[in-house]
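None of the figures in this text is laboratory data; all of them are computed from the coordinates on show. Please read all numbers here as calculations on a predicted model, not as lab measurements.
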Ligand SMILES: Cc1cc2nc3c(=O)[nH]c(=O)nc-3n(C[C@H](O)[C@H](O)[C@H](O)COP(=O)(O)OP(=O)(O)OC[C@H]3O[C@@H](n4cnc5c(N)ncnc54)[C@H](O)[C@@H]3O)c2cc1C
């Protein structure tokens, strides 16, 4: 058990977009039992609690922001907790990195999450976002989730008791943001080489079509409707590769906002608003942000 409090948390250092201002503090905890102390610590610091994993889906505003970051660094290794002839149920900590978890699944021949190859971030962040890619979503394999909820404590919810939609996770009747501490996934037993090959193929495909090495937060806008690609709409409106100050839409994939040269959040919002207006005027589609705005 360990809780560490860092004063003045920089979003530039802790988000993959590498931009944004500062939060009041960051509280890092490594064990579910630590959560009991969180309400008192939060009361003593003040500010609004905000859970963060790896920061790979965040766009933080500039300046001083009134948040206290909760970082659930519960990195419990994956372990099989149940199995049938064909499936296994694997439990893993929320702070465990998703790419590392996929690597572990491949090594053990457990299939189900390969479509998420190339999605950075933590397992907790992937559940909170119901991350999805290449036809695979967290909801397909999630079995249950352990959360901490203020005024309730720690509880385990089955998949059927939570709401998992397109890039959305919530628990009915819970108003405060639940802190995901760990999750269990139902996966299929197969051949290790088969799982590894699908992961490798997906990574190769992503490297060819997405700016995986750039400072980004992945796709910045949600697809506005089934079968309608936000990236295509942006491309058709001339935004692919468009630079504004230190930020740009990637020349490789128009829906990736990238930080090319010490971009500010102000510049990012200016470019995003320009794109939203142009796409709406040209196509009638209203683009909604997929990244979570902090501030
Ligand atoms: C190069 C690149 C490619 C990407 N490709 C994809 C893709 O193909 N598909 C896709 O879906 N996403 C993609 N993303 C976006 C991002 O990686 C995912 O959304 C990821 O799952 C976020 O995980 P994180 O730990 O970084 O969460 P963060 O960015 O830290 O947080 C995201 C949200 O989840 C909440 N959250 C995080 N951890 C917890 C927790 N433990 N408990 C409760 N809430 C929590 C935060 O409050 C926030 O609202 C990509 C990003 C990049 C940079």
| Largest to smallest principal axis extent of the C-alpha atoms in segment 3-72, angstrom | 32, 21, 15
| Over segment 79-209, what is the mean sequence separation of C-alpha contacts under 8 Å (at least six apart), divided by residue count, expressed as relative contact order in percent? | 33 percent
| field | Cα centroid of segment 208-255 to Cα centroid of segment 105-163, whole Å | value | 25 Å
| field | Choice from 175, 202, 57 showing the highest fluctuation, given a GNM over the chain with Cα pairs closer than 10 Å | value | 175
| field | P(r), alpha carbons of the chain - 10 Å bins starting at zero, rounded % | value | 6, 27, 33, 25, 9, 0
| task | Let me have the 222 nm mean residue ellipticity of the chain computed from DSSP H runs of 4+ only, each contributing -39500 (n - 2.57), with the sum over all residues rounded to the nearest 500. | result | -7500 deg cm²/dmol
| request: Divide the volume of the convex hull of the Cα atoms of segment 216-294 by its number of residues and quote the answer in cubic angstrom per residue. | output: 81 Å³
| request: May I ask you to compute the full-extension gain from residue 192 to residue 273, defined as 0.36 nm times their residue separation minus their alpha-carbon distance, rounded to one decimal in nm? | output: 24.6 nm
| request: Take the Cα gyration tensor of segment 46-146, multiply each eigenvalue by 5, square-root it, and list the three semi-axes largest first, rounded to whole angstrom. | output: 29, 15, 11
| message | Bins of 5 Å, beginning at zero and ending with the bin holding the largest distance: percent of Cα pairs per bin for segment 145-285, please. | response | 2, 8, 13, 13, 12, 13, 15, 14, 8, 2
| What does the convex hull of the Cα atoms of segment 79-209 come to per residue, in Å³, rounded to a whole number? | 100 Å³
| task | Counting residues in segment 29-102 as N, plug N into 2.2 N^0.38 Å and put the Cα Rg over that result. | result | 1.45
| Relative contact order, percent, segment 216-294 [alpha-carbon distance under 8 Å, six or more residues apart] | 35 percent
